[in-house]
Amino acid sequence: MISFLPLCSHPNPKQVLIVGGGDGGVAREVVKHPAVEHVTQVEIDARVMQVPAQHGRRPLASQSRRWIQIHEGTQKSVRCHHN
């Protein structure tokens, strides 16, 4: 539901930015939308993205399609990447 409403409120959501997506659950749902072509997930702490592996699930990085990018770092690095 957290991804469904924003995607439906945009007429053509081709590119999606997820800030603090954690284990990748939101990204996994976003890629199901037929209009989405590219997903960027930004997570400040890389350890958060390792939690799924500790519970027997594959992390998003190991199962992502080529159009999903995962960035780890501070707000400054996100700003620089976007420019």
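Which of (1) more than 12 Å from the chain's Cα centre (by Cα); (2) of a type outside the set (Val, Ile, Thr); (3) modelled with pLDDT of 80 or more is the odd one out, the single condition Gln50 does not satisfy?
For Gln50, the exception is condition (3).
Take the residues in segment 7-32 that are surrounded by 12 or more Cβ atoms within 10 Å (Cβ to Cβ) and in a helix (DSSP H, G or I); name whichever of them is modelled with the lowest pLDDT.
Among residues in segment 7-32 that are surrounded by 12 or more Cβ atoms within 10 Å (Cβ to Cβ) and in a helix (DSSP H, G or I), the one modelled with the lowest pLDDT is Gly25.
Test Gln41 against the stated conditions and say whether it is surrounded by fewer than 16 Cβ atoms within 10 Å (Cβ to Cβ) and modelled with pLDDT under 85.
No; evaluated as a whole, the condition is false for this residue.
Failed condition for Ala35, given (1) hydrophobic (A, V, I, L, M, F, W, C); (2) in a loop (DSSP other than H, G, I, E, B); (3) surrounded by 14 or more Cβ atoms within 10 Å (Cβ to Cβ), with all others met?
So the condition that Ala35 fails would be (3).
The values are calculated or read from the model by the stated rules, or taken from the named source; none is laboratory data. Quick caveat: nothing in here was measured; it's all calculated off a predicted structure. FYI the Cβ positions are ideal-geometry reconstructions off the backbone, even for glycines, and counts take in every protein chain you see.
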